[in-house]
Every structure is written in C-alpha cells, then in structure tokens.
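Chemist: Okay, handing you the structure first.
The values are calculated or read from the model by the stated rules, or taken from the named source; none is laboratory data. As the structure is a prediction and not an experimental result, all values here were calculated from the model. Here Cβ is always computed from backbone atoms with ideal geometry, including for glycine, and neighbour counts include all displayed protein chains. Heads up: the accessible areas ignore ligands, DNA and RNA and are worked out on the full protein's heavy atoms, side chains in. Shrake-Rupley method; radii C 1.70, N 1.55, O 1.52, S 1.80 Å.
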Amino acid sequence: MNEHDIFEEIVAIRRDIHKHPEIEFDVERTASIVADNLRDAGIKVREKVGVSGVVGDILVPGATKRIALRADMDALPMDEERNIPYKSTVPGKAHMCGHDSHTAMLIGAAKILRNKQDLLKCHVRFIFQPSEEKFPGGAPGMIDEGVLDDVDEIYALHVWPSLPVGKIGICRGEAMAQPDIFSIKIKGMGGHAAAPHETVDPIVIGSQLVMSLQTLVSRQTAPSDTAVVSVTQFHAGSANNVIGSDATLVGTVRTYS
C-alpha cells in the first residue's frame, strides 16, 4: 500500500470531517472516525486521552526508539461562506484552518506505515489532539496522561495555502509563531449622539487605541524581533443615535520570543 492506493479514501475522510466540524474538546465524531480507521488498520488505539484525544501505536519488535506524528482535530467557531459540495453542515462551526486535512493525512500516514511495518526501525505513535484553537488547548491534558512518554522525536505539519499543491515547505529556525489573546474593555459614559460633549465616548477612545496598538511593533519592539499585533474585533453601541457606555477590543499577538 502507498499514498496512491488510499488517496481517494483519505480525500473522502477529509471531506466528511469538513462537513461535520466539531470544536474544542467536543470532537467525539471526529475522534471516533480516527479510532475506527486506526483499529481497522490493525493499530493499537487509546481513546479519550486528555478528555477526547486519540493515540495510536505501531510497536516494532526490537525497536529502541519511538517517533511521534501529531495532528489536530478541532474546527473554528465560525460559519463557512463558500459553496462547495462538502461545505460545513453545522451552523457556527467550520474547518477553516485545515485541521480536517491534518487529521485525514495522519490517518493516511498511519495506514501506510502499518502496511510497511516490516520496514520500520522504530516504534511510531500517532497523536490526534483536540482543542488546538483555544488556549491552553488539549495538549497539556494529553501530555499529563503520558502521550509523550518514551517519545524521542515528534513531528507535525500545517497546510499552507500559499504553497502549490504537492510542495512541502521547510525553513531553518522557527516556522510558526506562538499566539496570545487580548481583550480590552473600555468603560466610558454614554449619552445622546446629538450631545457628544456630555459623554465619554468609548468608540473614539477605542479607535485611538486601535491605532496606538499598531505602534507596539514599529516603536516598542526591536527591529531584529518579529511580532504581529492585530485587533480582530471591535464591539460597541446598539443604536444609531446613542453613544454607548462601553466598548470591547479583542485581538491577537504573535511572537517568536
């Protein structure tokens, strides 16, 4: 068996997962697809690791080293707007970050490696993690339950839309930044929009803050460091003739350091 033998099967698995996205730790359907496919391939399986993770192991007689391959299973809490045959069927949930592809690809890798087990020189562990998108995520719980015990090396990948299909990108040093989330609540004093001088307008304050945050990288971070600060949500007000009393900014910070 090689990748060509199971290509259509893996595509079908990926599209099925894409149509039925699950988020955070609530990935029971996806996890069952993973576990069933691993078992069908003759791979030893552990389920509900770290709440809802799945771990599979290929044990090679006489091997003294263990390699781990890892994928994530969760989708994002958002709607899918594209009209494709395998579009998300679940309102407010969609695989827009590629985790459906990661899961399907690792299932495919597990099937191929199991079929070529006689050629392996080390044990192989397959780690399917829930809740990658929301900090602290599913990794700590899986690690606490021993998923990395006796693992010598671990590998993972991420789909990358800017690369052509069939190309693999590798770089020296860091490949992807660590994310942090921020939420800022501005408390002003509301009033009528016709009398802004009698209010403390949180929208104006928030707008100034959005622009000021853009200087954190350009003026507060060393030019040799790489960082991104993005405001992704701005919530304020409820009527066209009222200045509300508060506003909320939400965003992300990405850093290598």
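Chemist: So what J values fall out for the range 57-63 if you push phi through Karplus, 6.51 cos²θ - 1.76 cosθ + 1.60 with θ = phi - 60°, rounded to Hz, Gly and Pro as x?
Modeler: Karplus values, whole Hz, x for Gly and Pro: 10, 9, 9, 9, x, x, 6.
Chemist: Enter the accessible area per residue of the chain (Å², integer; probe 1.4 Å; all protein chains in place).
Modeler: Each residue of the chain exposes 60 Å² on average to a 1.4 Å probe.
Chemist: Quick one: putting +1 on the C-beta of Lys and Arg, -1 on the C-beta of Asp and Glu, what dipole do you get for the chain around its Cα centre, in Debye to the nearest 20?
Modeler: 440 debye
Chemist: List the lysines whose alpha-carbon lies under 23 Å from that of residue 116, not counting same-chain residues fewer than 8 positions away?
Modeler: 44, 65
Chemist: Which of 182, 128, 25 moves the most in a Gaussian network model of the chain with Cα springs under 10 Å?
Modeler: The residue with the greatest mean-square fluctuation here is 182.
Chemist: Moving on. Quick one: Karplus J couplings for the range 130-144, per residue in order, coefficients 6.51, -1.76, 1.60, θ = phi - 60°, nearest Hz, x for Gly and Pro?
Modeler: Result, ordered by residue: x, 6, 7, 6, 10, 5, x, x, x, 5, x, x, 5, 5, 4 Hz.
Chemist: Same structure again: Report in % the part of the accessible area of the chain that belongs to carbon and sulfur, leaving out ligands and nucleic acids; probe 1.4 Å.
Modeler: Heavy-atom surface of the chain belonging to carbon and sulfur, 1.4 Å probe: 55 percent.
Chemist: Specify the angular offset, from 0 to 90 degrees and rounded to the nearest 10, of the alpha carbon long axis of helix 7-19 from the longest principal axis of the alpha carbons in the chain.
Modeler: It is inclined by approximately 30 degrees.
Chemist: Against the longest alpha carbon principal axis of the chain, how many degrees, from 0 to 90 and to the nearest 10, is the axis of helix 28-40 turned?
Modeler: It works out to around 20 degrees.
Chemist: Report the calculated FRET efficiency for residue 59 and residue 79 (r = Cβ-Cβ distance, R0 = 45 Å), to the nearest 0.05.
Modeler: 0.55
Chemist: Provide, as a two-decimal number, the C-alpha radius of gyration of the chain over 2.2 N^0.38 Å, N being how many residues it has.
Modeler: Values: Rg = 23.1 Å, N = 257, 2.2 N^0.38 = 18.1 Å.
Cα Rg divided by the expected 2.2 N^0.38 Å: 1.27.
Chemist: Here is a further query. Output wanted: per-residue J couplings in Hz (rounded whole) for the range 114-129, from phi through Karplus 6.51 cos²θ - 1.76 cosθ + 1.60, θ = phi - 60°, x for Gly and Pro.
Modeler: Here the 3J(HN,Hα) series is 4, 5, 9, 4, 5, 8, 6, 10, 8, 5, 10, 10, 10, 10, 10, 9 Hz.
Chemist: Same structure again: Calculated from DSSP H runs of 4 or more alone, at -39500 (n - 2.57) each and per residue, what is the 222 nm mean residue ellipticity of the chain, nearest 500?
Modeler: Only helices count here, giving -8000 deg cm²/dmol.
Chemist: Amide H to amide H, which residues 5 or more places from residue 146 or on other chains are under 5 Å from it, using H placed in the peptide plane?
Modeler: none
Chemist: Here's a follow-up. Using the alpha-carbon centroid of each, what span in Å lies between the range 1-40 and the range 79-149?
Modeler: The range 1-40 and the range 79-149 have Cα centres spaced 8 Å from each other.
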